[in-house]
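Shown next, in structure tokens, is the structure this report addresses.
The values are calculated or read from the model by the stated rules, or taken from the named source; none is laboratory data. It should be emphasised that the depicted structure is a prediction, and the values quoted were computed from it without experimental measurement. Neighbour counts run over all protein chains shown; Cβ positions are idealised from the backbone, glycine included.
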Amino acid sequence: MKTIRTASIFMVVASAAACAASMPPADLVTARATYSRAAQGPAATLDPADLHTADESLKLAEQSFARDGDTQGTRDLAYVADRRAQIAEARGGTIQSSDQQQQTLGRMHAAETSQLALTSGQLGVAKTQLVVQGQALAAEQQRREDADKRAAKAAADLAAFASVKQETRGMVITLSGSVLFASGKSDLLSGAQAKLSEVAEALTKEDVESKIVVEGHTDSQGGASYNQDLSQRRAQSVRDYLVTRGMASDRVTSEGFGLTRPIADNASPEGRANNRRVEIVVQPKK
Amino acid sequence: MHMSIIPAALAASWLALGCAASFPVPTQDQAQAQAAERSAVELGAASQPKAQLHLELAREQMNQASVAIKDGDNARADALLLRARSDAELAIALTRDQSAKTGAANATEQSNAQRITNANQGATQ
């Protein structure tokens, strides 16, 4: 009985010893796991050389374990194999990150190039628009200059047969009666119509709101009643003509003053000529 | 010595253990371990936690190797130096990997910022 018991104890101890001898050291277990992980990571494709080195290291550790069991030598080899697998893993990751960075920078460069092309295109469009606007501006400038020239010419022409004065009752354009009418008549001379057309054009352009009064004046030759009637008819003739040239009829009125408002001495021919006149009064806006 | 032959050297050192008395002082492996450790420091391994751990392990094992050499245990010293060198080289690889990851992350961040900027410019144009 005692012999059997001793044999059983011996068998258990021997079995445990055999089992311990076959158990790989923790360093080797770790190295296997690390290598397995590295082999499944980016190192497999991106850094096969370092992964191969790790594989060789692990084989040496496995051989040592198979030959000598769990010895310090096996543990040292497994330790180094684990580091080699980690190095392969890290270098694979490094290459992967570098590739990723390069791709990102490449995309950024492409995007910058694309954006640059877009901006360049927009700049081109803006430049074209600027050129068109510049041309339009130059044309407008030219139109204004032409209009100013025409206005200056019209003013010069007007000054040739009329005087313009600024008075408290408004701007007064004085036209000589001899330029507008034949003696004793109230029909406009043909030359006068052209002059009045210029006046009408100037008045229509400059101001479309102010009221205008056409005043007729005569010298003292003849009776007061005759001159009153003549001045009234002449003022009316001028007023009607201005309306035919585009001035609003409700803006323009006419009034005859006969011989009542001389501006010169009726004793002399020059004075009487000055008194025979039509005044166009542009009243200030109210 | 090329790093890929470290395990072979280690295996050789253990085969020579049987005749420990004749194992020479591993001056070459010691120099290589020290060189790897210096490189790791220069790369900034001390400021990167994972790399710092392996840098410290390398230093500890180099110190242990120095003690072993003093004790005349050159074979053990050699094994420790090879372990130290592998840790120092791992510290280098981890430091470089961290730098590469940071570079990639920065590039991604810049790319996103660029995308937003371009989108905003597109919206205002």
inquiry  = Condition first: outside any helix (DSSP H, G or I) and either touching a residue at least 60 places away in the same chain (Cβ under 8 Å) or surrounded by fewer than 21 Cβ atoms within 10 Å (Cβ to Cβ) (or both). Can you find one or more residues in segment B:113-125 that meet it?
reply    = yes
key: Enumeration of residues in segment A:268-286 that are of a type in the set (A, V, I, L, M) and out of contact with any Ser or Thr (no Cβ under 7 Å at 6 or more places or on another chain)   = A:V278, A:I280, A:V281
ask   = For segment B:97-106, does any single residue satisfy the condition of being facing another protein chain (nearest Cβ under 10 Å), of a type outside the set (G, A, S) and more than 23 Å from the chain's Cα centre (by Cα)?
value = yes
note = The one condition A:S114 fails out of (1) loosely packed, with under 13 Cβ neighbours inside 10 Å; (2) at pLDDT below 90; (3) more than 14 Å from chain B (Cβ to nearest Cβ) is (3)
query = Which one is surrounded by the most Cβ atoms within 10 Å (Cβ to Cβ) among residues in segment A:235-260 that are within 20 Å of A:N275 (Cβ to Cβ) and in contact with a Leu (Cβ under 7 Å, 6 or more places away or on another chain)?
reply = A:V238
key: The lone exception for A:S225 - which of (1) in contact with a helix residue (DSSP H, G or I) (Cβ under 9 Å, 6 or more places away or on another chain); (2) exposed (fewer than 13 other Cβ atoms within 10 Å of the Cβ); (3) assigned to a helix (DSSP H, G or I) it fails   = (1)
remark   = Just one listed residue, out of A:R169, A:R144, is surrounded by 10 or more Cβ atoms within 10 Å (Cβ to Cβ), touching a residue at least 60 places away in the same chain (Cβ under 8 Å) and more than 10 Å from chain B (Cβ to nearest Cβ), and it is A:R169
key: In segment B:72-112, the residues that are acidic (D, E) and buried (at least 22 other Cβ atoms within 10 Å of the Cβ)   = B:D78, B:D87, B:E89, B:D97
Number of positions in segment B:84-125 that are modelled with pLDDT of 95 or more and farther than 20 Å from A:S97 by Cβ = 5
key: Residues located in segment A:64-111, provided they are part of a helix (DSSP H, G or I), farther than 30 Å from B:S111 by Cβ and more than 8 Å from chain B (Cβ to nearest Cβ)   = A:F65, A:A66, A:R67, A:D68, A:T74, A:R75, A:A78, A:D82, A:A85
task = Kindly indicate whether any position in segment A:152-160 is surrounded by 13 or more Cβ atoms within 10 Å (Cβ to Cβ), more than 36 Å from the chain's Cα centre (by Cα) and not small (G, A, S).
result = yes
note = The residue that is farthest from the chain's Cα centre (by Cα), considering only those in segment A:64-75 that are without any contact (Cβ under 8 Å) to a residue 40 or more places away in the chain and under 16 Å from A:T30 (Cα atoms), is A:T71
message = I'd like to check something: does segment B:42-50 contain any residue that is touching a residue at least 12 places away in the same chain (Cβ under 8 Å), of a type outside the set (K, R), assigned to a helix (DSSP H, G or I) and facing chain A (nearest Cβ under 9 Å)?
response = no
ask   = So which residues in segment B:68-84 are more than 9 Å from chain A (Cβ to nearest Cβ) and in contact (Cβ under 8 Å) with a residue 12 or more places away in the chain, if there are any at all?
value = B:A68, B:I69, B:D73, B:N74, B:A75, B:A77, B:D78, B:L81, B:A84
Condition met for A:N266 (surrounded by 15 or more Cβ atoms within 10 Å (Cβ to Cβ) and outside any helix (DSSP H, G or I)) = yes
